[in-house]
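So the structure is just underneath, and the comments pick up after that.
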Amino acid sequence: AGTGGGGTAGAGVVEGSGRPAGGPDRVARAVLACLAVAGVLFAVQTYLAALLMPVSAAELAARPGEQGGAFYATVDASVGRWLHDLVAVSKAIGAAFAALAGQAAAGRLLFAMARDRRLPGAMSKVDAGSGVPRRALLGAALVSLVAAVWAARRDDGLDQLSSVVNVGALTAFGLLHASVTGWFWIRRADGTPSVPRHLVVPLLGLAVVVAVIAEASAAARAVGGAWLVVGLVVLAMQYRGWVRGGGMRG
C-alpha cells in the first residue's frame, strides 16, 4: 500500500507485487523447509563421516575421550590439515553468531512474557530510541554469564551445560506437544480436532522427547525438573489471581 502518491511499499508487502511479505502460514512453511534441508544435510554429513572414519565405531565407543574430536581426525586422515582448520574456524564463527541470535531470541522471549504479565513488568520496557527490550536482553545475558562461569569452573562443565540446556529446551518442546492436544481435544478451542494432527503426532513427539530426557544426565534432569516446578508454581499463582479477578488481567 502506498503513502500519498509516492507508491512506497508499506510494511508487510513485497514492493511492486502487492503480495504480503509474510504471515503465519508462510513463516511455518519456511521453518519446516529449513528443518527438512538441515536434517538432510546432517544425515549426508554423518553418512560421509562414517564412511571416512579411520577407526571403527566399536573402537571409538571404547575411547570416549576421542569422540569429541572424531570428525576432525576423520578430516585430517581423509582430506588434509587445511580442511581441519577451515572447519574449526567456520565452527567457531558460526557458534558466535548463533550465540548472538540465541541471546537476542531469549531476550525477546523474556520481553514477551513480561508484556503478558508472566514475568516482572520491568522486563517489558523498551528503549525509547531504538525500541530494543534492553532490560530483557541484559537479564538473558546475566543468566548466560552465570551459567558460563559455572561451566568454566568444572572439568565436565561443557558437557553438563549442554545437557542442562538440552533438557530445558526438550521440556519446553514436551509441554508444547501436550498443549496441542489440550487445546484441540480438551478445550475444543478451534473446531473439530483431527486425530492424526492433534492427537497422534503430538503424543508421538511427546514420547520421543520424554525418551531423550530420560537419557540425560542426573544433574540436567534435576535442574530441568526444578525449573519446571518453579514455572508450574508461578503459573498456578497467576491462574489463582486470574480466577479471583474474574478474568485475565490486562
Response to the item:
Computed over the stretch 170-244, the relative contact order (Cα-Cα under 8 Å, seq sep at least six) in percent reads 31
Worksheet, complete the sentence: Charge tally for neighbours of residue 133 with beta carbon under 10 Å away, counting Lys, Arg as +1 and Asp, Glu as -1, is +4
Response to the item:
Diffusion coefficient in µm²/s returned for the stretch 64-141 by Stokes-Einstein, Kirkwood Rh over C-alpha pairs, 25 °C and 0.890 mPa s, is 161
Discussion item. Going by amide H atoms built from the backbone, whose H comes under 5 Å of the H on residue 132, apart from near neighbours?
Written reply: 127
Worksheet, complete the sentence: So, with points 7 Å from each Cα along the Cβ direction, the residue 89-residue 162 label distance in nm works out to 2.3
Discussion item. For a quick size check, give me the Cα extents of the chain along its three principal axes, largest first, whole Å.
Written reply: 64, 54, 44
Practice prompt. Obtain the nm distance between the two label points defined at residue 101 and residue 113 by a simple spin-label model: each point lies 7 Å from its Cα along the Cα-to-C-beta direction.
Written response: 2.2
Fill in: Over the stretch 87-220, equivalent-ellipsoid semi-axes from the Cα gyration tensor in Å
31, 24, 14
Practice prompt. Can you tell me the relative contact order of the chain? Whole percent, Cα pairs under 8 Å, sequence separation 6 or more.
Written response: 9
Worksheet, complete the sentence: Taking a label point 7 Å from the Cα of residue 217 along Cα-to-Cβ, the residues of the stretch 60-88 whose backbone nitrogen sits under 17 Å from it are 64-69
Worksheet entry | Carbon and sulfur %, accessible surface of the chain computed with the full protein complex present, 1.4 Å | 69
Worksheet item: Can you give the accessible area per residue of the chain, in Å², using a 1.4 Å probe?
Response: 71
Fill in: Point-charge dipole on Cβ atoms (K/R +1, D/E -1) for the stretch 118-250, about Cα centre, debye to 20
680
Worksheet item: So what J values fall out for the stretch 135-146 if you push phi through Karplus, 6.51 cos²θ - 1.76 cosθ + 1.60 with θ = phi - 60°, rounded to Hz, Gly and Pro as x?
Response: 5, 5, 5, 5, x, 5, 5, 5, 4, 5, 5, 4
Item to complete: Give the calculated FRET efficiency between residue 50 and residue 189 to the nearest 0.05, with a Förster radius of 51 Å applied to their Cβ-Cβ distance.
Response: 0.65
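The values are calculated or read from the model by the stated rules, or taken from the named source; none is laboratory data. Please read these numbers as outputs of a predicted model, since none were measured by experiment. Positions of Cβ are backbone-derived with ideal geometry, glycine not excepted, and every protein chain shown enters the neighbour counts. Side chains included, ligands, DNA and RNA excluded: accessible areas come from the protein's heavy atoms. Shrake-Rupley method; radii C 1.70, N 1.55, O 1.52, S 1.80 Å.
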